[in-house]
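Remarks on the structure that follows.
Rule-based calculations on the coordinates, nothing more; no lab input. Predicted model only: the values in this text are computed from it and were never measured. Every residue, glycine among them, receives a Cβ derived from its backbone with ideal geometry; neighbour counts consider all protein chains shown.
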Amino acid sequence: MAIVSNVGGAGVLAADACADLGLTVHQPHGLTRRRLYAIVPDGGAVTGLELHPVIAGPDGVAVVNARVKVTRYEPQDPFLRRLR
């Protein structure tokens, strides 16, 4: 299991939930890590994730095909107003 998150808190909560279910969370290394950094822009956010199929068994979980949608994160500050 690997978790892709644009914020630390959500990633930690997801990792804790996986651990509670007995799943092992792996950190991507090497080529996988370089590929993720190549597609996620600075300030990027994962806005969509499709996993087809997910195969779960007593030895672990595997994903055959994954599609990740990444977009630039544009923070919205409700206290800032546009001057006209």
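So the values come out like this:
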| item | result |
| --- | --- |
| Total charge dipole magnitude, region 8-72, about the Cα centre, Cβ charges on Lys, Arg, Asp, Glu only, Debye to nearest 20 | 400 |
| Region 8-72 shape via C-alpha gyration tensor axes, a/c threshold 1.5 | prolate |
